[in-house]
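Throughout, read-outs are computed from the coordinates displayed, never taken from laboratory work. Everything numeric here is computed off the predicted structure, so don't read it as measured data. As a convention, Cβ positions derive from the backbone with ideal geometry for all residues, glycine included, and neighbour counts pool all protein chains shown.
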Amino acid sequence: MPNLKSWLDKGEIQRVRVGVRDLENLLALVERDLNDAQVEAVSADRRFASAYGAALNLANYVIRKEGYRVVGQRGHHRTTFLVTAQILGKASGLYVEYFDLCRRKRNKVDYDFVDVVSETEVKELIERVIEFGEFVMGDQ
């Protein structure tokens, strides 16, 4: 797995100044996305996409807290999860692998098909995002 320096050298991440308000905003996005993911009147596909957005913003929180930002380019969601794993270490690996699988499914939901995910998958993703949030915030 590449390290932070190699991502910096390739221009996939960059150093940024991050204020407390920036981090609070990312956590507010996570909360919003998790709330949206639990609105049962919305399709399972859209709820899954919202829950995935919460996972992605938690990963962005981890990265920004370290003073980095993933540069928006093709593959930046995957890079976001890989950089997060690099920062958090081995213990985060299962979350990162799971969210990467969800990334692929979310791509189908957003760009290719309808009725891709089940209610069970939505609930599982929501639970995993909540667990990941506890894991991330436990490092504070």
Whole-number percent relative contact order across the stretch 4-135, with pairs defined as alpha carbons under 8 Å at least 6 apart: 30 percent
Anisotropy class of the stretch 1-43 from Cα gyration tensor, a/c 1.5 cut: oblate
Phi to ³J(HN,Hα) by Karplus 6.51 cos²θ - 1.76 cosθ + 1.60 over the stretch 86-103, Hz, x for Gly, Pro: 4, 6, 7, x, 4, 4, 8, x, 5, 5, 4, 4, 4, 5, 5, 4, 5, 4
P(r) histogram, all alpha-carbon pairs of the chain included - 10 Å bins from 0, percent: 12, 43, 34, 10, 0
Segments 19-28, 87-96, 58-67 sorted - mean Cβ within 10 Å per residue, highest first: 58-67, 87-96, 19-28
Rounded to 10°, Cα long-axis angle of helix 20-37 versus longest principal axis of the chain: 20 degrees
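Among THR80, THR120, which comes first, then next, by fewest other beta-carbon atoms within 10 Å?
Numbers: THR80 26, THR120 9.
By the 10 Å Cβ count, ascending: THR120, THR80.
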Helix 119-138 axis, angle to the chain major axis (alpha carbon atoms, nearest 10°): 30 degrees
Partner aspartates and glutamates for LYS65 [C-alpha distance under 12 Å; skip if fewer than 8 residues away on the same chain]: ASP22, GLU24, ASP139
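Contour minus end-to-end for ARG104 and VAL16, with contour as 0.36 nm per residue of separation and end-to-end as the Cα-Cα distance? Could you put the intermediate results ahead of the total?
Numbers: separation 88, 0.36 × 88 = 31.68 nm, distance 2.80 nm.
That pair, ARG104 and VAL16, stretches by 28.9 nm at full extension.
Compare the peptides 3-16, 123-136 by average per-residue count of other Cβ atoms within 10 angstrom and give them in order, highest first. Walk me through the numbers before you get to the answer.
Numbers: 3-16: 13.6, 123-136: 17.8.
Per-residue mean Cβ counts within 10 Å order the peptides as 123-136, 3-16.
May I ask you to compute the full-extension gain from ILE130 to ILE87, defined as 0.36 nm times their residue separation minus their alpha-carbon distance, rounded to one decimal in nm?
13.6 nm
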Cross-link partners of LYS105 among lysines (Cα-Cα below 18 Å; sequence separation of 8 or more within a chain): LYS123
